[in-house]
């Protein structure tokens with residue numbers, strides 16, 4: 001079907017990065033090239049150590065008592081699960097801070113933002129790319145222009161502003177969003193870059209599909225829900241991943257906007273944990289536990305992750 | 001529009017038998033479009049456009065984060081104070097040094113990685129994955145981990161000692177603290193830019209290399225005359241993104257050094273957070289944010305200008 005092979009996120013090559021054929025021709029393996037080939041492989045392996053060893057060290061150390069971590073530092077044992085291996089550091093983390101609560105907060109904040117972000121941003125992009133209206137071009141222009149503004153420039157004024165906003169919740173109207181879940185979620189749902197990614201993708205799906213559906217009596221919302229969104233898997237995956245990573249890793253904003261311990265996400269939690277703790281083994285255990293979910297998702301959906309990052313290359 | 005006319009041709013018999021509203025521009029279409037746009041529009045206005053406006057507005061007031069009194073207009077007081085503030089100049093200098101060092105180092109190394117994994121070879125996917133691992137590890141975790149690696153008796157210095165090198169107190173010495181943060185940041189983000197270079201490399205048609213080889217071009221010449229020109233768009237993008245994210249340096253510094261020793265690792269964002277959050281001086285913090293924004297804008301405009309010039313020259 002033409003729609004499924006529509007150029008994903010602007011350019012077709014992005015969809016195949018994970019297993020793309022090399023642009024450079026392969027070199028012969030004899031003579032001088034053989035040595036060069038071998039050196040090339042050694043270089044690649046050395047780089048693997050550079051990028052992989054620190055993480056391996058983190059995971060291995062999380063299972064060792066502090067004394068042994070320091071003893072092993074001077075030798076290869078630093079990267080090997082030798083000596084007295086136990087999960088003591090892990091139980092230690094749970095004993096000192098409400099880690100399960102931090103974890104749940106991060107999961108809630110991330111999942112809600114990802115799901116609502118996909119809905120809100122795709123609807124906006126659909127209105128701009130497929131329905132169209134007078135002034136739509138200007139709206140898109142404003143959205144694209146905001147892409148150069150880094151969040152860090154807005155963080156402090158936004159903090160002040162969040163403290164003034166009213167909120168209608170189950171307990172009636174309250175003023176000030178600081179120290180809540182919503183202050184960690186709602187400002188991050190609408191995202192100019194997500195709208196842009198959806199816009200590009202929707203724009204590449206043949207418009208004739210809309211016409212055919214119209215003839216069959218479908219309204220615009222029906223077209224969005226039953227035709228365009230089901231065809232937009234790659235765009236949805238990209239937006240999900242590009243929302244998930246920064247939300248899970250969020251640090252600056254919750255550091256300022258949330259003071260109550262029960263509302264803290266994991267990344268602020270580890271900072272706080274380090275301040276009341278000098279056990280490196282426990283810090284490594286905490287770090288391993290908050291990295292593991294992302295690593296597992298990355299290994300499982302490797303191709304989508306890499307393609308999402310590659311497609312963020314159109315930003316700018 | 002063209003799509004409508006095409007569809008009208010295609011569906012002409014159907015369209016004539018059914019009463020059909022025009023697709024675009026009708027009142028109900030516009031209503032639906034606005035309704036679908038509304039949630040995003042309200043959120044973007046509230047949490048993006050208004051805060052952008054506030055950055056400019058609050059910079060000229062004495063607004064405090066939590067204060068019973070309304071903010072008062074104070075003219076350019078915040079800016080005169082800023083220009084007299086030694087920490088501001090130290091932060092600006094560190095932020096710029098960080099960007100000036102990390103932009104070429106990180107983009108060049110990332111290009112090297114991309115070239116290494118852009119070959120047909122068994123296990124190349126494994127290498128890509130490993131080089132990319134630090135990217136999916138949060139900067140907070142990476143900072144914690146390297147804080148430990150950088151200890152005076154930590155892993156890095158112990159490894160150096162094996163080669164008879166006495167490693168410095170990386171984060172405790174004002175001379176090496178910023179360098180240590182630069183190295184770690186480059187390590188974390190290199191895989192990200194490797195992937196972006198890689199997607200650029202794969203837009204270069206393989207035939208170009210074959211033709212170059214037939215003409216007797218060696219590897220360096222192939223890189224110089226085929227690869228490098230082919231990466232022009234990617235290059236611009238990578239330069240802008242690395243520069244802007246370098247200017248926003250905060251997490252690593254806040255976790256590893258808190259700006260110290262002796263302001264040697266203080267940055268603009270760190271200073272904004274200190275004044276606006278810890279000292280609750282929103283007005284002053286907005287002035288710092290504005291300075292940061294001007295820096296970002298200047299780099300973007302300069303970069304646009306230069307890349308446009310190149311387009312004309314070619």
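The values are calculated or read from the model by the stated rules, or taken from the named source; none is laboratory data. Keep in mind the model is a prediction, meaning the values are calculated, not measured. A quick note on method: Cβ atoms are made from the backbone with ideal geometry, for glycine too, and the neighbour counts reach across all protein chains shown.
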Some residue of region A:228-239 being within 17 Å of residue B:192 (Cα to Cα) and in contact (Cβ under 8 Å) with a residue 40 or more places away in the chain: yes
Residue, surrounded by the fewest Cβ atoms within 10 Å (Cβ to Cβ), within region B:142-172, restricted to residues that are in a loop (DSSP other than H, G, I, E, B) and within 13 Å of another protein chain (Cβ to nearest Cβ): B:163
Residue B:104 vs. criteria over 29 Å from residue A:293 (Cβ atoms), assigned to a loop (DSSP other than H, G, I, E, B), more than 10 Å from every other protein chain (Cβ to nearest Cβ) and free of Cβ contacts under 8 Å to residues at least 24 places away in the same chain: no
Qualifying residue in region A:144-156 (condition: under 25 Å from residue B:26 (Cβ atoms) and either in the same structural domain as residue A:261 (by TED's automatic domain parsing) or surrounded by 17 or more Cβ atoms within 10 Å (Cβ to Cβ) (or both)): no
Matching entry among A:183, A:139 (being under 23 Å from residue B:251 (Cα atoms) and assigned by TED's automatic domain parsing to the domain that holds residue A:246): A:183
Helices (runs of 4 or more DSSP H) wholly inside region A:219-300 that include at least 3 residues being within 20 Å of the chain's Cα centre (by Cα) and more than 22 Å from residue B:136 (Cβ to Cβ): none
Candidate set: region A:260-316, residues that are in contact with a helix residue (DSSP H, G or I) (Cβ under 6 Å, 6 or more places away or on another chain), under 24 Å from residue B:145 (Cα atoms) and more than 9 Å from every other protein chain (Cβ to nearest Cβ); chosen: the one surrounded by the most Cβ atoms within 10 Å (Cβ to Cβ): A:265
Given (1) away from chain A (no Cβ under 11 Å); (2) surrounded by 20 or more Cβ atoms within 10 Å (Cβ to Cβ), index of the condition residue B:198 fails: (1)
Yes/no for residue B:130 being assigned by TED's automatic domain parsing to the domain that holds residue B:111, without any contact (Cβ under 8 Å) to a residue 40 or more places away in the chain and crowded, with 24+ Cβ neighbours inside 10 Å: no
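Here's the yes/no breakdown for (1) surrounded by fewer than 16 Cβ atoms within 10 Å (Cβ to Cβ); (2) assigned to a loop (DSSP other than H, G, I, E, B):
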residue: B:44; (1), (2): no, no
residue: B:69; (1), (2): yes, yes
residue: B:90; (1), (2): no, no
residue: B:94; (1), (2): no, no
residue: B:109; (1), (2): no, no
residue: B:119; (1), (2): no, yes
residue: B:122; (1), (2): yes, yes
